[in-house]
Amino acid sequence: MMRLLKIEWAKLAAYRPFWILLMFYLAAAPLLILFVHSIGINIFPSAAAEIYGFPNGWLVSAYMSSWFQILLGMIIVIFATNEFGAKTARQHIIDGVTRNEFFLGKVYMIAAISIFSTLYMSVIAIIASLIYTGGLSNIGDGIEYVPIFLFQTFGYLTIALLFSLLVRSSGYAILIFLCVIFAEWLFRQFVPNYIAGFSPIGMIARLTPIPFMQDFIDGISDSESIPYPLTIAERFTYGTAYIAGFLGLAYMNVQRKDF
């Protein structure tokens, strides 16, 4: 595994667009999270300490960081498709790298990026709590959103990897990736929640629900409308099946198509 990761990292580190997108991610994510209280979102409490104090701090940080998973997905798309445009994928096969190793190298890389993103999100949540509450009281409460965010990020990057291997052109792959996300979001607006809840991207996205949304709904309505009809455990179960399916399709594509 480490050998394949080193190979992937050597290619990624030499790719300038990766550093540009990474720097934007590293700067934009904390800015959004640390100053979300000043935006004036009406479902959020007015007190910053209530927003960033645990357990809410974990969910707020995870939810806001999830907005940038599309950016991480674009990094994967550009990086993976560049392998085919620059013929490095073909060269790897000629040099003796098996198709299985080529595929696993990509999976290991998206796993590593997912772990890095999760650690970064966690650090931001801790810093926000220290700034706005002056401490880390109840830090263990709500910490389940850390592995949930890791799973969610890996799911997004798996989808990005699939489109990269299917299309093999960065421009078209990014366009399709973004269009599919938008089309599914649009679809969920016009179907009942019990149907929308099973859409693959929506299921993964809603693993980190909008903070304080249920409190907001309860405060303005007596209806029993449920914006997230599936439990977290159910989303993990179905999400795992979707991710396995995406990886399976990506694997078959690597095995069958010429490099």
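Applying the set (1) touching a Leu at 6+ places or on another chain (Cβ under 9 Å); (2) in contact (Cβ under 8 Å) with a residue 40 or more places away in the chain to Ala89 leaves exactly one unmet item: (1). Would you mind stating whether Ser137 is modelled with pLDDT of 90 or more and in contact with a Gly (Cβ under 9 Å, 6 or more places away or on another chain)? No.
When you scan region 1-86 for helices (runs of 4 or more DSSP H) that lie fully inside it, which ones turn up with 3 or more residues that are open to solvent by 10 Å² or more (accessible area, probe 1.4 Å) and without any contact (Cβ under 8 Å) to a residue 60 or more places away in the chain? Step through it out loud before you land on a result.
Details: elements: 2-13, 16-34, 48-52, 56-66, 69-85.
Hits in region 1-86: 2-13, 16-34.
Of the helices (runs of 4 or more DSSP H) contained entirely in region 123-220, those carrying at least 2 residues that are more than 30 Å from Ser46 (Cα to Cα), touching a residue at least 24 places away in the same chain (Cβ under 8 Å) and under 15 Å from the mean Cα position of the chain (by Cα) fall at 145-167, 170-189, 200-205.
Has region 238-246 got any residue that is among the polar types (S, T, N, Q) and at pLDDT below 90?
Filtering region 238-246 for residues among the polar types (S, T, N, Q) gives 240.
Keeping just the survivors that are at pLDDT below 90 gives none.
Within region 238-246, none of the residues are among the polar types (S, T, N, Q) and at pLDDT below 90.
Checked against the criteria, Leu186 counts as under 22 Å from Tyr242 (Cβ atoms) and among the aliphatic types (A, V, I, L, M). Among the residues of region 210-235, just one is surrounded by 18 or more Cβ atoms within 10 Å (Cβ to Cβ) and at pLDDT 80 or above, namely Arg235.
Taking residues in region 240-256 that are under 13 Å from Phe103 (Cα atoms), and partners anywhere that are open to solvent by 60 Å² or more (accessible area, probe 1.4 Å) and of a type in the set (A, V, I, L, M, F, W, C), the pairs with Cβ atoms closer than 9 Å and at least 6 places apart or on different chains are Leu249/Leu166; Ala250/Leu166; Asn253/Leu166.
Restricting region 14-48 to residues that are of a type in the set (A, V, I, L, M) and modelled with pLDDT under 85 leaves a set whose member that is nearest to Ile113 (Cα to Cα) is Ala14.
The values are calculated or read from the model by the stated rules, or taken from the named source; none is laboratory data. Remember, predicted model here, so these are calculated numbers, not experimental data. Note that we place each Cβ from the backbone using ideal geometry, even for glycine, and neighbour counts take in every protein chain shown. Remember, those area values only see protein heavy atoms, side chains included, never the ligands or the DNA or RNA. Shrake-Rupley method; radii C 1.70, N 1.55, O 1.52, S 1.80 Å.
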